[in-house]
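What follows is one structure encoded as C-alpha cells, with my remarks underneath.
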Amino acid sequence: MAIVAYDPIIAVLRTYLLANDTLTSLLGTFTDSNSNTCYAVYPGYLNTIVNPVFPCITITMDTSETVPDRTVFDSNTYYVHGWSKNGPDELAYLYNLVVSTLDADETTKSSIAELAKCRKVDGKFNYDIETRTDYFMTQFSIIASRGLMNA
C-alpha cells in the first residue's frame, strides 16, 4: 500500500508514532510498490486496508468543528486503533506506547509541536470476530490550526 497524500493531522500523528523506536519494533512491516519497507501505521480503518499486516495501527478522523473563540482553529476527534493477533498482552503494551507517544500533559497542552492540543479522551479493548483480531480503540481530542491543512 503506497501511503501518499492524506489528511495532514493523520500525517502528523503517523510521523510521531513512527519516530518511537520501541513502538515500531512491535509493528508488522510490508513492502510498498517502490520496494521500501514500511511499518504498519495505516491512514484508514482496518477494513479499508488491502492485506494488512499485524500488529498494526490505524488512524481515522471522526469529527471536526470550528473552535468558537479561536476561528482559525478546528476541534477534531481522531481514532487511533491498534490491532494484534498475538493476544491482549501485546495489545496492552502497544496501547500504552501509543498513548505515551501522542497524549499531552495538561500543563504543556500538546506533546506534538504541530498541534495546539492532543489529548486521549477515551480508550477501550475489544475483539473483532470478522478479522479474529484483538484491538484497542483510543479517541483523541485534537485542536489544530486550519493552516496545517494548507501546509
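The values are calculated or read from the model by the stated rules, or taken from the named source; none is laboratory data. Treat the numbers as computed from the prediction; the structure is a model and nothing was measured. Note: ideal-geometry Cβ built from the backbone for every residue, glycine included; neighbour counts use all protein chains shown.
Where residues in the range 25-50 are in a loop (DSSP other than H, G, I, E, B) and touching a helix residue (DSSP H, G or I) at 6+ places or on another chain (Cβ under 9 Å), which of them is surrounded by the most Cβ atoms within 10 Å (Cβ to Cβ)?
Leu27
Name the residue that is surrounded by the most Cβ atoms within 10 Å (Cβ to Cβ), counting only residues in the range 1-17 that are in a loop (DSSP other than H, G, I, E, B) and not aromatic (Phe, Trp, Tyr). Step through it out loud before you land on a result.
Initial filter on the range 1-17 (in a loop (DSSP other than H, G, I, E, B)): 1-7.
Still in the running and not aromatic (Phe, Trp, Tyr): 1-5, 7.
Numbers: Met1: 17, Ala2: 8, Ile3: 14, Val4: 7, Ala5: 7, Asp7: 19.
Per the criteria, the residue is Asp7.
All but one of (1) closer than 26 Å to Asp21 by Cα; (2) in contact with a Leu (Cβ under 7 Å, 6 or more places away or on another chain) hold for Thr133, so report the exception by its number.
Condition (2) is where Thr133 drops out.
Please tell me if Asn20 is touching a residue at least 40 places away in the same chain (Cβ under 8 Å) and either more than 20 Å from Pro88 (Cα to Cα) or crowded, with 16+ Cβ neighbours inside 10 Å (or both).
Numbers: touching a residue at least 40 places away in the same chain (Cβ under 8 Å): yes; either more than 20 Å from Pro88 (Cα to Cα) or crowded, with 16+ Cβ neighbours inside 10 Å (or both): yes.
It is true that Asn20 is touching a residue at least 40 places away in the same chain (Cβ under 8 Å) and either more than 20 Å from Pro88 (Cα to Cα) or crowded, with 16+ Cβ neighbours inside 10 Å (or both).
Among the residues of the range 50-99, which ones are modelled with pLDDT under 90 and either touching a Phe, Trp or Tyr at 6+ places or on another chain (Cβ under 8 Å) or among the aliphatic types (A, V, I, L, M) (or both)?
Result: Val50, Thr66, Val67, Val72.
Per-residue answers, yes or no, for (1) closer than 19 Å to Ala116 by Cα; (2) aliphatic (A, V, I, L, M); (3) free of Cβ contacts under 8 Å to residues at least 12 places away in the same chain:
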| site | (1), (2), (3) |
| --- | --- |
| Phe30 | no, no, no |
| Ala40 | no, yes, no |
| Tyr45 | no, no, no |
| Val53 | no, yes, no |
| Ser64 | yes, no, no |
| Phe73 | yes, no, no |
| Gly82 | no, no, no |
| Gly87 | no, no, no |
| Leu91 | no, yes, no |
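Among the residues of the range 6-56, count how many are of a type in the set (Asp, Glu) and more than 28 Å from Glu130 (Cα to Cα). First the steps, then the outcome.
Of all residues in the range 6-56, those of a type in the set (Asp, Glu) come to 7, 21, 32.
Still in the list and also more than 28 Å from Glu130 (Cα to Cα): 21.
Total satisfying the criteria: 1.
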